[in-house]
Every structure is written in structure tokens, then in C-alpha cells.
1. Could you size up the charge dipole of the chain around its Cα centre, putting +1 on the beta carbon of Lys and Arg and -1 on that of Asp and Glu, and report it in debye to the nearest 20?
2. Please report the relative contact order for region 49-187, taking Cα pairs under 8 Å with a sequence separation of at least 6, and give it as a percent rounded to a whole number.
3. Could you count how many Lys pairs in the chain have their Cα atoms under 22 Å apart, skipping same-chain pairs fewer than 8 positions apart?
4. So, in Å, what gap is there between the alpha-carbon centers of region 50-86 and region 145-202?
5. What does DSSP give for the chain in terms of the percent of beta bridges that are antiparallel, rounded to the nearest 5?
6. I'm a student and want to see the number: the projected area of the Cα convex hull of region 1-143, averaged over all directions, in nm².
7. Sequence gap at least 6, Cα distance under 8 Å: using those rules, report the relative contact order of region 139-261 to the nearest whole percent.
8. For D24, D219, which order do you get if you count the other beta carbons within 10 Å of each Cβ and list the fewest first?
Amino acid sequence: MPHVTVGAMFVDLHLHADGIPDQDLATLAYFGVKAAVTCARDAGAGGALELRRHWDELVRVQTIRLEQAGIQPMVALALHPARIPWHGVDDLLQRLPHYFDDPRVVALGELGLQDGGQREEDIFSRQLELAARLRKPVIVHTPAREKASRTRRLLALVKRSAVEPSHVLVDHVNAETFALVRGIGCWAGLTLQPGLLEPDDAAALISKHGADRIVLTSDIGEGATDLLALPKAAEALKSAGLSEELRRRVFQEGPLAFLKS
């Protein structure tokens, strides 16, 4: 495990503040997380009202918790593919644009494919069209199971949509899907998760391919994650001989550039 030091600065484009205790938020800030996007999460399929309450909580409550911890709060909202209600989708998609009146709501996310199928694809495509109309970037979920086939399918839907690939971050990318994602011009999100993608794995990919359109994310607050994922990755990149300039691009400049896309 890389030695972890304090000093680097990080912008995390994907965590779930509602699943992170206050003390852990303070720890993130202490180890250099200066800004973070808290994304709409996978909490299982529920009703439309439950999902609206989830969105409201992210904007009204979790932004305050992040700010109190010393982290600049940003929010991404969407219908997660594992949380699509059976009724009320049209109403949710009509309400979603109004959340962007709040400047802290900066992106649509997470949206994507989980099990696949026509319904998931239709709702994913409708949200892509909404992102194009709003001119907002998109944070896309890819599943652990059948990742390559699901990724190919969602990339095909991105190419059909009005969204520029450079406005799309495909997260939870692995070595198998990395080239697919970057090949069409999307951003590749390397989600640091124990047993799935370790800091040394991320360092190897970046050493081989460079830092263009690559960001590292933590997904903290959702499942088995590592609170110190980004600081450990910074140490791994440094140990691999990657320059301070490149590390800054991956952890700070790249994420901010994506949000401005």
C-alpha cells in the first residue's frame, strides 16, 4: 500500500456524500479533497417521490455537510439505471432541469446502463438529450457485470445523441473498457475501489496512455470503497515516476476542465 502524505489537492467528480459520515468528510478534506461532486446514487428502485426527495436532500442537505467539512460542494442529478421508478419518469424528467437553477448543480449523473434492455436505454437516451439541451456535462455509470458489452452499447447511444463525447465522463472504467471510452472522445473515469481498481493499476494505465481525458474518482459512500483512495493514488503515481504536472492534470485540472466542458 502506498504511503499517504498530506499536501496534494484533489477534485473528486464522483462520491456520495449522503453515505459518508461527518468525520469521514473531515478526513477527506484533511487529506486534500478540496471540491467534490455528490452524485445521485443507486439505492434500489423506488417511487418517483422517493427519488425527488433524494435529489432534494443532495442539493439542500449534502451540500451544506460538504461545505462545513471544508469541501466545495457540487451536485450531479439523474435517474440512476438501478433506481428507475416504474411510474412517474416523465414527471421526473420534466422537473430535473429546474434543479439546475442552483449553480451548485453542475452535471447530470449518475445515468447509464445497469442490466440493459430497452427501458434503460430509452431513459438513458432521454437524459442525454436533456443534457444536450441544458449544455451540461454527464457522469455515466457502467456496471460491474458485463461491463464491456454494456459499455459498448452505451457508447453507441452516446454517439447517436446530441451530446458531444467530450462532455461525457464514463466512470468505473477498467483496463478492458479504457480504449473503448477514450476512442470515441469521452473522458475515462478510473474509480479506485479495493479489489477492482487499485492505485497501482491506475498508475500503470496513466503511465501507458498519458493523462488526456482521464480523471480518478473514489465513489466513496457507495459500497466497498477506500476513504483515502485519491491520496493513495497520488502516491502511486509519484512512485511510478509521473510528473507533478501530470498528477495535477489528473487530480485537479482535468476534473475542472470536464465540468466546464
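The numbers here are math on the coordinates, done by the rules we state, and not lab data. Not measured: the values here are computed from a predicted model. Virtual Cβ from ideal backbone geometry, glycine too; neighbours counted across all protein chains shown.
1. My answer is approximately 700 debye.
2. Values: 181 pairs, mean separation 26.6, N = 139.
Over region 49-187, the number comes to 19 percent.
3. For the chain, qualifying lysine pairs total 11.
4. Using only Cα atoms, the two centres lie 23 Å from each other.
5. Details: 1 of 26 bridges.
Taking every DSSP beta bridge with both residues in the chain, the antiparallel ones total about 5 percent.
6. Taking a quarter of the hull surface, the average projection is 9.2 nm².
7. Values: 163 pairs, mean separation 26.5, N = 123.
Once divided by the residue count of region 139-261, the mean separation gives 22 percent.
8. Placing the least packed residue first, the sequence is D24, D219.
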